[in-house]
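Down below is the structure, laid out as structure tokens.
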Amino acid sequence: MASWSRREFLKFAGVTLAATVLKPTPPEEHALGRPTGFGRVTSYSVWSYNNPQPGAERVKAYYRDDVLPIYDTVSAEGLAPYNPIWNLTNNGWVYSSWIQPVQKLINPVVRDVPSTGFWAEVSVPYTEMRSDPNDTGHKWYRVYYGSVHLVTAHVTDALGQSWYQLKDDQYLTRQEFVPAEFLRPIPPEEMTPISPDITEKRLEVNLKDQMVYAYEYGSQVLSAQCATGSTFTIEDQGFVDFRTAAGSYTVVRKRPSRHMMGFLGRPDQYDLPGVPFCTYFTAEGAAVHGTYWHNDFGHPRSHGCVNVPPAVAKWVYRWTQPATPYQDTVTEVKSGGTPIIIS
């Protein structure tokens, strides 16, 4: 296994200590105060309403990847029974299931990339992945806040702009570049194991309540909403069943990042680079993983995986056994994986 030299580590750690918050878009005159954060629209379209409640008057339509300043958050009657959270924007209230919480953070650039590369997460609502390290390169993908990628090199273009080269686990030879300042390097200490000396751990997924629980020696140490597999009626396919199967599993594989693809060419296709912190419990690929393409936790909606917010996925990845070295892009588990009980 490759390892970093002390010199490489110190150089890397020194540039991960600070990030600059982009100056927020000035609010309109009727908005109150400064935004507490931002939200990215994840659905084709959403409405804002004059009040945070079902049946309220529609105010303004927003569309996928619109980024909205968020001024307040309240818990009230939701549009769905599993989620009571609404967000206040400049033009009324939007329902949080369709809004990904994001920030706009600019990061110091790592110019001396370690030989093994480093992991980094997108720290702005989205940025473009290009085929060349310049603004005219072909756009491969949009990469979104919270997605995680392996940085292998730093490049400066003719205008002096810094770019990171990425290594995609689905396209190993393809050239991929993103503006460096939009990725936050993840230092090794953020991926160290959590309670590694605890030998009795188990993760439970409650399909009825759509909750994930973690236990150490029978005591609960984590609870979080999730979104498990669902059933769909798909054009030209009919009824398809992707429900997460109940049963007793163990961790069989772990990846800090995965480009997940499936059913390309079908209406239910997905093509998702940088899915963060994947903890697999079946050989076929079912995993607990972070999700940036929705904020709709609390009811089934996946193709069989257990969707959780990125911060929860990172915690599960670090907490479950076995521990995984920072440099490893994938860890195959032959024995000793943490039990995962789905019921």
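The values are calculated or read from the model by the stated rules, or taken from the named source; none is laboratory data. Keep in mind it's a predicted model, so treat the numbers as computed, not measured. Please note: Cβ atoms are built from the backbone with ideal geometry, for glycine as well, and neighbour counts cover all protein chains shown. With ligands, DNA and RNA removed, areas are computed over all heavy atoms of the protein, side chains included. Shrake-Rupley method; radii C 1.70, N 1.55, O 1.52, S 1.80 Å.
Say whether the condition of being over 23 Å from residue 263 (Cβ atoms) and buried (at least 16 other Cβ atoms within 10 Å of the Cβ) is met by at least one residue in the stretch 224-245. Among the residues of the stretch 224-245, at least one is over 23 Å from residue 263 (Cβ atoms) and buried (at least 16 other Cβ atoms within 10 Å of the Cβ), which makes the answer yes. With the structure loaded, tell me whether residue 97 is of a type in the set (Ser, Thr, Tyr), touching a His at 6+ places or on another chain (Cβ under 8 Å) and not in a strand (DSSP E or B) or whether it fails that test. Here the answer is yes, as residue 97 does meet what is asked.
Quick check, is residue 239 of a type in the set (Phe, Trp, Tyr) and modelled with pLDDT under 95? Judged against the criteria, residue 239 is a match.
Per the conditions (1) under 20 Å from residue 328 (Cβ atoms); (2) assigned to a strand (DSSP E or B); (3) free of Cβ contacts under 8 Å to residues at least 40 places away in the same chain; (4) out of contact with any His (no Cβ under 8 Å at 6 or more places or on another chain), the sole criterion not satisfied by residue 165 is (4). The listed residues are 286, 311, and the only one of them that is under 18 Å from residue 331 (Cβ atoms) and aliphatic (A, V, I, L, M) turns out to be 286.
For residue 215, the conditions (1) assigned to a strand (DSSP E or B); (2) farther than 23 Å from residue 287 by Cβ are fulfilled apart from (2).
The residues of the stretch 230-257 that are in a strand (DSSP E or B) and either more than 26 Å from the chain's Cα centre (by Cα) or over 30 Å from residue 166 (Cα atoms) (or both), listed by number, are 231, 232, 233, 234, 238, 239, 240, 241, 247, 248, 249, 250. Of these, 39, 14, which one is at pLDDT 95 or above and among the small types (Gly, Ala, Ser)? Result: 39 is the single residue among 39, 14 that is at pLDDT 95 or above and among the small types (Gly, Ala, Ser). Just one of the listed residues (156, 199, 173) is within 21 Å of residue 325 (Cβ to Cβ), without any contact (Cβ under 8 Å) to a residue 60 or more places away in the chain and open to solvent by 40 Å² or more (accessible area, probe 1.4 Å), and it is 199. Filtered by the rule that a residue be touching a strand residue (DSSP E or B) at 6+ places or on another chain (Cβ under 6 Å), open to solvent by 50 Å² or more (accessible area, probe 1.4 Å) and assigned to a loop (DSSP other than H, G, I, E, B), the stretch 108-153 gives 111, 145.
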